[in-house]
Amino acid sequence: MRRVAGICNLIQNAAMTPLLDLWLPIVVAAVAVFFLGFLFWMVLPHHRSDWAPLPDEDGAMNALRDLGVQGPGQYSFPHCATPDAMKDPEFIKKMEAGPSGMLVVMPPGPLQMGKSMGATVVHNAVVAALIAYAAGIFLAPGAEFMEVFRLTGTMGILAYCGAIPTQSIWFHRAWSDTWKTVADGVVSGVVVGLIFAGLWPSVG
């Protein structure tokens, strides 16, 4: 406990950079990652093979309508509501017979790109603000470029990559898609680190 208290006191007594002093790198990082996302998903071709069409798209859509699946919603088939239900012989039989999977149904109508883009900017701003908050605890104004880059770049990579592999580990997303998205996240994290390092406030 004394050691933990000593570390806490060291952090409290360290020269800190106030969050408000980091508003510029926060804004620039949020905007930069937004445009990187546009580049990754709309311009470069590497994500165009992430999704495959259904063998009979019209038939599948009509069948879902007939079943009352209009969306939005998340569905699994065969459905298993509890861990104990996984031992149900009927559930096991359905799993063995296949197909099994998970289905995300979006709201009907055109894609709401404006709403999604706005939410993306907010998300990027929150991530950048949290990186700034954590970096400001340990780094004082005037910190060296590489010192800032190492810390904020590492946090950026963790923020944009950390949870992605779980989609393949647990939900059977293709690993090729996961590694492409992780690569995107590494680039985003490095760019965030460079922005913070280049715009880190100087002394005085």
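We did not get these values from a lab; they are worked out from the coordinates using the rules stated. As the structure is a computational prediction, the values presented were derived from the model and not from experiment. Here Cβ is always computed from backbone atoms with ideal geometry, including for glycine, and neighbour counts include all displayed protein chains.
7 Å from Cα along Cα→Cβ at both Asp66 and His79: what's the point-to-point distance in nm?
2.0 nm
Take peptides 48-61, 139-152 and line them up by average Cβ neighbours within 10 Å, highest first, as a rough protection proxy.
139-152, 48-61
Just one of (i) 35; (ii) 30; (iii) 54 is percent of Cα pairs over 26 Å apart as worked out from the coordinates here. Which one is it?
It is the value labelled (iii).
Take the Cβ-Cβ distance between Val126 and Lys93 as r, set R0 to 35 Å, and report the resulting FRET efficiency rounded to the nearest 0.05. Display every interim value, and only then the final one.
Details: r = 45 Å, r/R0 = 1.29.
Taking R0 as 35 Å, the efficiency between Val126 and Lys93 is 0.20.
Compute the distance in nm between two label points, each set 7 Å from the Cα along the Cα-to-Cβ direction, one at Val43 and one at Met16.
That separation, rounded to one decimal, is 3.8 nm.
Hey, can you list the DSSP H helices of the chain whose Cα span along the axis is 24 Å or longer and whose average Kyte-Doolittle score is at least 0.0?
Within the chain the helices that satisfy the rule are 113-138, 175-199.
Within 14 Å, Cβ to Cβ, of Ala135, how many net charges do the neighbouring residues add up to if Lys/Arg are +1 and Asp/Glu are -1?
It works out to a net charge of -2.
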